[in-house]
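Undergrad: The structure is given below, and queries will be raised subsequently.
Each value in this text was obtained by applying a stated rule to the coordinates, not by laboratory testing. A quick note: this is a predicted structure, and the numbers were derived from the prediction, not measured. So basically every Cβ, Gly included, is an ideal-geometry build from the backbone, and we count neighbours across all protein chains shown.
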Amino acid sequence: MTKPKLRSQEWFNNPNNQEMTALYLERYLNYGLTREELQSGKPIIGIAQTGSDLSPCNRHHIELSKRVRDGVIAAGGTVIEIPVHPIQETGKRPTASLDRNLAYLSLVETLYGYPIDGVVLNIGCDKTTPALLMAAATVNIPAIALSVGPMLNGWFRGKRTGSGTIVWKAREMQAAGEIDDDGFMDLVASSTPSVGYCNTMGTASTMNSLAEALGMQLPGSAAIPAPYRERGQISYQTGKRIIEMVNTDMRPSDIMTRKAFENAVVVNSAIGGSTNAPIHLNAIARHLGVPLDNDDWQALGYKVPLLVNLQPAGEYLGEDYHRAGGVPAVIGELLEAGLLPHPDAITVNGKTMQENCSGVRSDNTDVIKPASNPMLKDAGFINLKGNLFDSAIMKTSVISKEFRERYLSNADHPNAFEGRAIVFDGPEDYHKRIDDESLGIDENCVLIMRGAGPIGYPGAAEVVNMRAPSYLLKRGITALPCIGDGRQSGTSGSPSILNASPEAAAGGGLALVQTDDRIRIDLEACTADMLVDEATLEARRSALPERPFTPDSQSPWQEIFRERVGPLSEGMVLRGAPEYQDIARSKG
Ligand code: FES
Ligand code: MG
């Protein structure tokens, strides 16, 4: 087989334009690269570096990239490290998800505009994974993802403490007087004992597992904890493998097909994946021109059992997940049960899911269960629709017994309930008024959060799971039904109705709802409606301001983002961007 022509040679070795070649070349020689490394037909491999001091979750990639570099050189390539716009989930105001599309844009521009033949995508913290996969989808040069890996398990007084999830617990312990302010800090910090990303099954572990389920990482790569020796070893193998992918011209569009996405949706249910996963996977799919929407998530994912016993849905953490076999064991169990829709989907190592994972079984059936004895049945999402929104996601498997008895025990309609709306315009309004007794919030209310979507709170805030007012908490009522056009943290296990699209700021139905309206939710018919007549709704619609629920932007990017962003149900992508798919080939 003849090797494909390297695009880097158009810069570094173009006999038709010697002058430009010399100009391109000389500046890459000035730090010590040689003409031999740049001109002898070695693939130039970019390492898309998301690790930095500003991004602690991904910072260990700085170390791992040394092993990637060793692998690339061993296989005959040259490395150019590429800085990627930083995204730290816990550090960025107003929200890290605002920066997913910014990191995407800048990496597209970099990969397209510079002499890169193939790229290693350093994934990890929540938004870094979708940002890099979206960019790889658009540019469509050979690409392989490398997870930085989760932190080691956290421990406090002999019990596992999971990052993110422990914060909910710490609040309760402090309220009960079991810990003071310092104890609160110590408890939360105990969940972050090493380099790496969140050790719970939050959005990071979800998206890294799904990057493997999509076929974009070497088998077994997603779950290896960041400090383990295997993490360095798989980094080396990843570096070697990208050279073979360049030599055989294996591109993201060859791997991330509709089949791959269908597999990933099923794996998401089996791992107990985050409600952020539909947003990010739908976005990656759109940048490949692959159809994928929230109806697909319900149709393909709802009936899949939960196999992975990790916090917040279960009890274990990242090290346990890896030791039990990680993603290959989950896929092996799904294959064994005939639940993986496309065993023939191809992966970055050139083999199929079947070839990689068939016969791989859980090494600890307490952590990764067999499909015959799952944690839960029907662990996927349902997609609700009605006059409140066109699409919103709900994870029905996390509805508590208490909640089910209170709301879903009507003999005539065992899966439907009605309640009085209490409407909050954004998180600040909610924090200000939730404990206000004059609102008369009781167990027959539905809490609604609006102005928290991609436009209203640029990037969409993780605020939809709202706690009950403290006077209800004291009566033992901990969970009220919640609906909102924002998101929910992947480390929270609440059964909220999330990601409602279109959002209030885009004129969706949530813009029209008012406190005291009757809300009807039917989990059987998958509907959510305000019981308000059409004429009243029309009158409310015409009274809306021009840009409802949209405070002023605080930065230029917020303004640009708000002008071009689409709804959460369609992945919150920038209008027009998906049209640039495959630019490395189609635009030279
Ligand atoms: Fe970075 Fe959770 S905050 S992975
Ligand atoms: Mg988050």
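Undergrad: Using a Förster distance of 41 angstrom, determine the FRET efficiency expected from the C-beta separation of Thr34 and Asp363, and round it to 0.05.
TA: E(calc), rounded to 0.05, equals 0.30.
Undergrad: Next question. Roughly what angle does helix 18-29 make with the longest principal axis of the chain, taking Cα atoms, 0 to 90 degrees, to the nearest 10?
TA: That helix lies at roughly 70 degrees to the long axis.
Undergrad: Follow-up question, since we're still on this one. Relative to the longest principal axis of the C-alpha atoms of the chain, give the angle of the C-alpha long axis of helix 100-113, reported between 0 and 90° and rounded to the nearest 10°.
TA: 20 degrees
Undergrad: Around Ala103, under 13 Å between beta carbons, what's the net of Lys plus Arg minus Asp minus Glu among the other residues?
TA: Summing Lys/Arg as +1 and Asp/Glu as -1 gives -1.
Undergrad: How are the C-alpha pair distances of the chain spread across 20 Å bins, as whole percents from the shortest bin up?
TA: Calculated P(r), rounded to whole percents: 21, 53, 23, 3, 0.
Undergrad: Listing Met530, Met449 from the residue with the fewest other Cβ atoms within 10 Å to the one with the most, what is the order?
TA: If I rank by nearby Cβ atoms, fewest first, I get Met530, Met449.
Undergrad: If you take every DSSP beta bridge whose two residues both sit in the chain, what share of them, in percent to the nearest 5, is antiparallel?
TA: Among the beta bridges of the chain, antiparallel pairing accounts for roughly 45 percent.
Undergrad: Does anyone have the angle between helix 258-271 and the longest principal axis of the chain? Alpha-carbon axes, 0 to 90°, nearest 10?
TA: 50 degrees
Undergrad: From the residues Ile116, Ile73, Ser97, which one has its Cα farthest along the dipole of the stretch 43-129 in the positive direction, the dipole being from +1 and -1 charges on Cβ of Lys/Arg and Asp/Glu about the Cα centre?
TA: Farthest along the dipole direction, towards plus: Ser97.
Undergrad: Right, here's the next one. Among the aspartates and glutamates, select those whose C-alpha is under 16 Å from the C-alpha of Lys385, and discard any that sit fewer than 8 residues away in the same chain.
TA: Once the sequence-local aspartates and glutamates are set aside, what remains near Lys385 is Asp293, Asp295, Asp296, Glu418, Asp485, Glu503, Asp522, Glu524, Asp529, Glu570.
Undergrad: Turning to a different aspect of this structure: Placing +1 on the Cβ of each Lys and Arg and -1 on the Cβ of each Asp and Glu in the stretch 381-543, which of Leu439, Asn465, Pro502 has its Cα farthest towards the positive end of the resulting dipole?
TA: After comparing all options, I get Asn465.
Undergrad: What trypsin sites (Lys or Arg not before Pro) does the stretch 375-449 have in DSSP loop regions with at most 13 other beta carbons within 10 Å?
TA: Those that pass, being in a loop and sparsely packed, are Lys377.
Undergrad: How far is it, in nm, from the label point at Lys474 to the one at Arg229 when both lie 7 Å from their Cα along the line to the Cβ?
TA: 5.8 nm
Undergrad: Can I ask one more? Treat every Asp and Glu Cβ in the stretch 261-354 as -1 and every Lys and Arg Cβ as +1, leave all other atoms uncharged, and give the resulting dipole magnitude about the Cα centre to the nearest 20 debye.
TA: Using only the charged Cβ atoms, the result is roughly 160 debye.
Undergrad: Taking 1 over the mean of 1/r across every pair of different Cα atoms in the stretch 46-86, what Kirkwood radius in Å do you get?
TA: Over the stretch 46-86, the inverse of the mean reciprocal pair distance is 10.5 Å.
Undergrad: Which of Thr129, Thr347 comes first, and how do the rest follow, when ranked by fewest Cβ neighbours within 10 Å?
TA: If I rank by nearby Cβ atoms, fewest first, I get Thr347, Thr129.
Undergrad: Among the lysines, which have Cα under 18 Å from the Cα of Lys377 when same-chain residues fewer than 8 positions away are ignored?
TA: Lys303, Lys369, Lys395, Lys401
Undergrad: What trypsin sites (Lys or Arg not before Pro) does the stretch 134-184 have in DSSP loop regions with at most 16 other beta carbons within 10 Å?
TA: Answer by residue number: Arg157.
Undergrad: I'd like the isolated cysteines in the chain, meaning no second cysteine's beta-carbon lies under 4.7 angstrom from theirs.
TA: Cysteines lacking a close Cβ partner in the chain: Cys198, Cys357, Cys445, Cys482, Cys526.
Undergrad: Does the stretch 494-582 come out rounded, prolate or oblate, given a ≥ b ≥ c as the square roots of the eigenvalues of its C-alpha gyration tensor, rounded meaning a/c under 1.5 and, failing that, prolate meaning a/b above b/c?
TA: oblate
Undergrad: Length gain on complete extension for the stretch Gln514 to Lys432, per 0.36 nm per residue less the alpha carbon to alpha carbon distance?
TA: Fully extending the segment from Gln514 to Lys432 adds 27.7 nm.
Undergrad: Okay, helix-only estimate at 222 nm for the chain: each DSSP H run of n ≥ 4 adds -39500 (n - 2.57), divide by all residues, round to 500 deg cm²/dmol; what do you get?
TA: Counting only the DSSP helices, I get -10000 deg cm²/dmol.
Undergrad: Could you tell me which of rounded, prolate or oblate describes the stretch 381-543, using a ≥ b ≥ c as the square roots of the eigenvalues of the alpha-carbon gyration tensor, with rounded for a/c under 1.5 and, failing that, prolate when a/b is larger than b/c and oblate otherwise?
TA: Rounded, since a/c falls under 1.5.
Undergrad: Below 17 Å, Cα to Cα, which lysines can Lys159 reach? Residues fewer than 8 away in the same chain don't count.
TA: Result set, ordered by chain and number: Lys169.
Undergrad: Could you pull out which residues in the stretch 282-321 have an amide N less than 16 Å from a spot 7 Å beyond the Cα of Glu172, following the Cα-Cβ vector?
TA: Zone members listed by number: 311-316.
Undergrad: Next question. Out of the stretch 1-65, which GluC sites (Glu not before Pro) are coil in DSSP terms and have no more than 15 other C-beta atoms within 10 Å?
TA: Sites meeting the loop and neighbour criteria: none at all.
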